[in-house]
Structures are given as structure tokens and as C-alpha cells.
1. Quick one: how many residues across the range B:15-57 are farther than 24 Å from residue A:62 by Cα and out of contact with any helix residue (DSSP H, G or I) (no Cβ under 7 Å at 6 or more places or on another chain)?
2. Could you say which residue among E:75, E:48 is out of contact with any strand residue (DSSP E or B) (no Cβ under 7 Å at 6 or more places or on another chain) and on the phi > 0 side of the Ramachandran plot?
3. Just checking, which of E:14, E:39, E:72 is crowded, with 16+ Cβ neighbours inside 10 Å and among the small types (Gly, Ala, Ser)?
4. Is one or more of the residues making up the range C:12-24 on the phi < 0 side of the Ramachandran plot and more than 14 Å from chain B (Cβ to nearest Cβ)?
5. Looking only at helices (runs of 4 or more DSSP H) that lie completely in chain B, which have at least 3 residues being free of Cβ contacts under 8 Å to residues at least 12 places away in the same chain and farther than 24 Å from residue A:55 by Cα?
6. So residue A:30 ticks every box in (1) surrounded by fewer than 17 Cβ atoms within 10 Å (Cβ to Cβ); (2) hydrophobic (A, V, I, L, M, F, W, C); (3) modelled with pLDDT of 95 or more but one. Which box is left unticked?
7. I need the full set of residues from the range F:11-55 which are among the hydroxyl-bearing types (Ser, Thr, Tyr) and over 20 Å from residue A:21 (Cα atoms), in order please.
8. Could you please find all residues in the range D:26-79 being among the charged types (D, E, K, R) and facing another protein chain (nearest Cβ under 7 Å)?
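The values are calculated or read from the model by the stated rules, or taken from the named source; none is laboratory data. Nothing here was measured: the structure is a model prediction, and the numbers come from that model. Cβ: placed from backbone, ideal geometry, glycine included. Neighbour counts: every protein chain shown.
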6 protein chains.
Amino acid sequence: MTTTLVPGNSLITASPEEGRALAIKMARLIIKATQPDDAVRSRLRDVYANDAVMLIQVGQVVATEFATIAAANHYWRPG
Amino acid sequence: MTTTLVPGNSLITASPEEGRALAIKMARLIIKATQPDDAVRSRLRDVYANDAVMLIQVGQVVATEFATIAAANHYWRPG
Amino acid sequence: MTTTLVPGNSLITASPEEGRALAIKMARLIIKATQPDDAVRSRLRDVYANDAVMLIQVGQVVATEFATIAAANHYWRPG
Amino acid sequence: MTTTLVPGNSLITASPEEGRALAIKMARLIIKATQPDDAVRSRLRDVYANDAVMLIQVGQVVATEFATIAAANHYWRPG
Amino acid sequence: MTTTLVPGNSLITASPEEGRALAIKMARLIIKATQPDDAVRSRLRDVYANDAVMLIQVGQVVATEFATIAAANHYWRPG
Amino acid sequence: MTTTLVPGNSLITASPEEGRALAIKMARLIIKATQPDDAVRSRLRDVYANDAVMLIQVGQVVATEFATIAAANHYWRPG
């Protein structure tokens, strides 16, 4: 199955670091699903990467995605 | 029963990828319920698909819907 | 008992579709409690139904209400 | 004990309707703690009760408070 | 140990009222960690205490902190 | 393994104070991943550290990250 919204089609990762990377990717793939044009997205990315408010808002989205991924992985608690 | 807010009238999906697609649809159906006029919605969609702040906010809504869907599916954890 | 904030005074619904409809109603009833004047509310509704940012924010509120309702109903998981 | 932030110093309520009312009160009491001047608060209340964006944001805060209160009450599920 | 982010270095409180007060303090201490200059913070506090949008946003942050504290205390449910 | 998103590659901390510090670091590392240029980030930091709205939004992001970390640590409840 080809996935376009969740890389690997799974929320399970080996570590918090990988969970965090997945959260960033999932957040970006929603933006891609909403605005599929690569050129437009690239231009908008320049906008938000240089704007303090938007950088903070990106942080909010990633924090929300990560909360779900962390719960899926039982917070990677030591066994 | 005809559903207009939750496709299939269920939060249960086969995979994270399908759960993510459901989250996007559910977010859009709330916008449709709030603004039923197709022409207005189409115009507003052009607005937010080309605005960095709004694209990030769409991401926030989808992340919130997905958190609920993921919990409903026990995060699709392997057996 | 007359309720003005939670229709039926219960979070339990028969299906996700009905849970979603309840989330929309509960969100609107908070706006009504904050701004009881029907004419003002009607005017403001025209504003947000035609503004992309506000439509997305309405989606965020409904997503948050729905998360609570879905948990209350054990996500309507099949028995 | 005099309480100024949580009426009755408890999150437990008899019904969803009362839980919702508590959520509204708790949200207002945080605003009061941040801006204790009654005259200023009254003026600001006129502002947000007549602004579509702010009404939606009030809805977001109440939805967040209610999520906590609903969990505290096991969602008032029938016994 | 000197703490600068969590008074008493614990999320456990005797009551909802004290939990709410802790949520307010924790929210303020993050602002202090981000902007350590007392004079700047005092000036900014005058700004947000007199702005309707910002007062509502402060309420959102406190509601989020309180959700965590309430869960930590099992919602102070009667025994 | 070198980590760039989660210091120590773990959500487990000895105390709420350390959990709070981790939440701040994780929030900053997402901003760094989105805007890797140190000079740009430093300039933007001056912007948000002196703006009331943005300081509150930073507080919101940290509160969201902390909710996840606190759950991972069973809220550091006494044994």
C-alpha cells in the first residue's frame, strides 16, 4: 500500500527521537494534502520559517501530533 | 442512515493512513456544516490553501481530530 | 430540568454521527451563553461563516468538544 | 476555605449541564485573576462578546476546561 | 534543590483550588523563563491584562496546564 | 545515537522541574528543525520575547509538550 499521510503506515517508533521526527513529517504531509502544489508550498515555507508567530504555531502542531505518537508507544517507558 | 459528519458513521479504520484520511474528511465536514454554500467554501479554500498561517491551523485541527481517531483504534498497535 | 448548555443533559449518543452533531451544538451553546442577543449572534455568524480563518477555528473548537464526547462513548467501538 | 478559582473547590458535578456551567465559571475566574479590575473586565467583555473571533476563542477555552471536568466525573456515564 | 519552573517541584496539591493556583504560576514561570527581564515582563503584563484576545489566550494556557495537574491528582475525586 | 529533537532520547525525568525544562528544550528544538539558521532564529527570538501575544503562545506550546512528558512519568506521583 502506498501511503501519503503516515510514513510506514504506523505510529510505532523505536525511540522518542524517531517519534518526534514522525510528528514533524505527519504535520508536513497534512500541509501537502491541503496544498499539493510544490512551488506554492515552497514559497509558503519561506514565509513561516521566517516569522516568529508561525514558527511557534508549527511547534504547537508538532506537539499535538507527538502527544498521539507518544501515547501509541507507551511513552517509550523503560520495560 | 445517511451521515453528513462522519463518513461510515464509525471512527474505526484499518490503518493509521486511513485514520489520517478520516481526520481530514471530518475536519472538512465541520466546515461544510458551518458554511453549506459550495461556492463560498470553494473560494475560502483558495484563500487558506495559499496562506501559511491558515495551512498551519488546518494542520492543528487535523492533529486534534486524529488524536481522537487514534485513541479509538488503540493506536493500531501490533497485536 | 431545563438545560441550556448540553442538549438532553448527557454526553452519551448512539453513534459517532450523533456525537459529532452534539459537539457542534455544544460549541454553539457556549457562544450563546457568552452573547445571548440573537441579533448580534446572527450578524457575527455571517462574519465567521464567510471567513476562512474563523471557519478553521470553529473546526478546532468542535474537534475539542468531540474528543470529550468520543471518550464518553468509549469511541463507539464495536462490542 | 474561601475559593476564588474553583467554585465549591471541587470538579465533581451532578450532571453534564452543571459541568458545563462550571467550565464557564472557571474560565471567567482565570480572566478575573489576570485582570482583577471590574471596570476593565466589564469593558473587555463588551469587546469579546461582539467579536466573532473572540467568541470562538472563548468556546475553545471552555471546551478545554470541560474536557477536564468531564474526565473528573467519568463523563457522567449511566451506572 | 532550587526550582524555577515548578513551585515545590510537585504537581500534587491538596485541592482543585490549589491546583488552579499552581497552573497559573506554572504558566507565568514559562513566560519568565522566556523573557527573564522583569521590567520587560511587567510592561508586557500591562499589555495583555488590558487586551481581550490576550486574556482569553492566557485562559487557554492555564486550562491546558490545569488539565495535566488535575490528572496528576486523580481529579481530587472523593475517596 | 545523536539526537537533535529529544535531549537524551527519553521522556523520563527525575522530577517535574526537569520535565518542565525538557518541555522547553523540545519546543525550541522543533523551531530549530524548522528554521536551522542560527542568525535568523536569534533575531526571531528577540521578536517573540518582547511580544505579549507570542510569549503567551510559547506558553501554550510548552504546556502541550509538558502534558505528554508528565503522562510519561506518571505525573511523578509519590510511590
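1. Going through the range B:15-57 one residue at a time, the tally reaches 8.
2. Exactly one of E:75, E:48 is out of contact with any strand residue (DSSP E or B) (no Cβ under 7 Å at 6 or more places or on another chain) and on the phi > 0 side of the Ramachandran plot, namely E:75.
3. One residue alone meets the criteria, E:72.
4. Scanning the range C:12-24, I find at least one residue that is on the phi < 0 side of the Ramachandran plot and more than 14 Å from chain B (Cβ to nearest Cβ), so the answer is yes.
5. By residue number, B:16-34, B:38-49.
6. Here residue A:30 meets the rest and fails (1).
7. Within the range F:11-55, F:13, F:15, F:42, F:48 meet the criteria.
8. D:65, D:77
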